[in-house]
Amino acid sequence: MIYAALATVLAGPAQADEAFALPSGLTVFLQEVLEEGAGDLRVRYVAEGFDPARLDPELLLADMMALCQINLAAIGGENVDLGRITVSIADRAAEFGVLNTDVRQSFEAFTIADGTCIWEAF
């Protein structure tokens, strides 16, 4: 349900199937959105050639925060009942939950409060 709404409404910088640039200059496209339990959402992005080890950690966090806020706004912002959004970026599309050591990826979790993404520093 949320995925359909997100895929339809995601007009932030681009439509769901189009690539767009993040604050670091990294270009991503939406791979998929997964609803996980009550109030949790996972949004998976792909950026060809992505290598988290080569990005400044602060820029990578800014990218993740931007993706969280874009997705939250696309599904209704403070009018939506979400507890958490987990954002991931990978260097290629991969099946969720299947171990693939060749895929370079990074993910961050954000608690949703008052229509804002709050980073959950592990």
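Run down 5, 14 and say which single residue is exposed (fewer than 15 other Cβ atoms within 10 Å of the Cβ), at pLDDT below 80 and outside any strand (DSSP E or B). Break it down into steps so the answer makes sense when it comes.
Values: 14 fails: exposed (fewer than 15 other Cβ atoms within 10 Å of the Cβ).
Testing whether each residue is exposed (fewer than 15 other Cβ atoms within 10 Å of the Cβ), at pLDDT below 80 and outside any strand (DSSP E or B) leaves just 5.
Residues in region 73-82: is at least one within 15 Å of residue 31 (Cα to Cα), in contact (Cβ under 8 Å) with a residue 24 or more places away in the chain and within 15 Å of the chain's Cα centre (by Cα)?
Here is the first cut: in region 73-82, the residues within 15 Å of residue 31 (Cα to Cα) are none.
Checked region 73-82: no residue is within 15 Å of residue 31 (Cα to Cα), in contact (Cβ under 8 Å) with a residue 24 or more places away in the chain and within 15 Å of the chain's Cα centre (by Cα).
Take region 57-93 and flag every residue that is over 13 Å from residue 110 (Cβ atoms), in a loop (DSSP other than H, G, I, E, B) and at pLDDT below 95.
Once the filter is applied, which keeps residues that are over 13 Å from residue 110 (Cβ atoms), in a loop (DSSP other than H, G, I, E, B) and at pLDDT below 95, region 57-93 yields 75, 76, 80, 81.
The values are calculated or read from the model by the stated rules, or taken from the named source; none is laboratory data. Please read all numbers here as calculations on a predicted model, not as lab measurements. All Cβ positions, even for glycine, are placed from backbone atoms using ideal geometry, and neighbour counts span all protein chains on display.
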